[in-house]
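Worksheet for the structure shown next.
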Amino acid sequence: MSHLDKPSPGRRQFIARVATAAAVVASGACAAPLGAAAQQGASRMPTSPPFDDSWTRRVMAARHRAVMDSPEVDDGTALVQATLFMQGYRQQLDAGGSDVVPVVVMRHHGTVMAFSDAIWAKYALGEYAKITDPATGKDALRNPFVRVDTDDKNPLVPADSSMEALLASGTILLACNRAAMRLASLMAKKFSRDVDAVRAEFRAGVVPGVLLQPSGVYATLRAQDVGCAFIKST
């Protein structure tokens, strides 16, 4: 190249300034959308989960864990299976109490088992679910799965498979919030009551120790996320 073809010092400085400016503009154009996307993503993240997820830590700490999926009541089959799971591993493998953790998910029609005696009586859930009280032989006005009374001649579940007994032995009982709210809406319509008020009553009327979850499908899959074997109970 001859000296005539070489750019002058002034021209070289001009070209360098143009290149630098273009790089700054380009980097700013890329950074702005990325920064905006990051801020939008952060704003969508909840500060705390709307439903209790702490049960997963106890599941992960156990050596043996299984989830019983109960979309129907079926005389409390899932509750009995939870008992059999614990008994088998403790008797056969001499597993300690905290080493065996069953999870029972009450969803769809099975969600009716998650509510207290007061809710069953007020909204005639025994009649709705076609469940007979073993003590009276009539539509249940109490939740016969919560406990087994001494006058229950033919209890629906054995005493060690009642919800109170299972909770005391370390079983995790979960219920579908979507099904619970759908049931509350049906009862509000049936008894001509305010839907929001009845939904609040149902949320407060869950059996103590039972945890509502976003949905039964979520709860069943979440249990498998943290290592549970899956049992289709009903």
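For segment 145-234, the helices (runs of 4 or more DSSP H) that sit wholly inside it and include 1 or more residues that are under 16 Å from the mean Cα position of the chain (by Cα) and modelled with pLDDT of 95 or more are 177-190, 195-204, 216-225. Would segment 78-90 turn up any residue that is assigned by TED's automatic domain parsing to the domain that holds A179 and part of a strand (DSSP E or B)? No, because not a single residue in segment 78-90 is assigned by TED's automatic domain parsing to the domain that holds A179 and part of a strand (DSSP E or B).
In segment 187-201, the residues that are over 17 Å from W120 (Cβ atoms) form Cβ pairs under 7 Å with partners that are modelled with pLDDT of 95 or more and assigned to a helix (DSSP H, G or I), at six or more places apart or across chains, as follows: D194/A188; V195/S185; V195/A188.
Selection within segment 60-82: residues that are among the β-branched types (V, I, T) and surrounded by fewer than 21 Cβ atoms within 10 Å (Cβ to Cβ). The member of this set that is nearest to A165 (Cα to Cα) is V80. Residues in segment 176-188 that are under 10 Å from F202 (Cβ atoms) and of a type in the set (A, V, I, L, M): A180, M181, L183, A184, M187, A188. When we screen R222, R193 for residues that are basic (K, R) and closer than 23 Å to V100 by Cα, the only hit is R222. The set of residues in segment 188-219 that are farther than 19 Å from L167 by Cβ and buried (at least 21 other Cβ atoms within 10 Å of the Cβ) comprises V198, F202. Whether a residue is closer than 30 Å to A200 by Cβ and at pLDDT below 95 was assessed, and P71 does not pass this test.
The values are calculated or read from the model by the stated rules, or taken from the named source; none is laboratory data. In this text, all values refer to a predicted model and were calculated from it rather than measured experimentally. Positions of Cβ are generated from backbone atoms using ideal geometry, with glycine treated the same way; all protein chains shown enter the neighbour counts.
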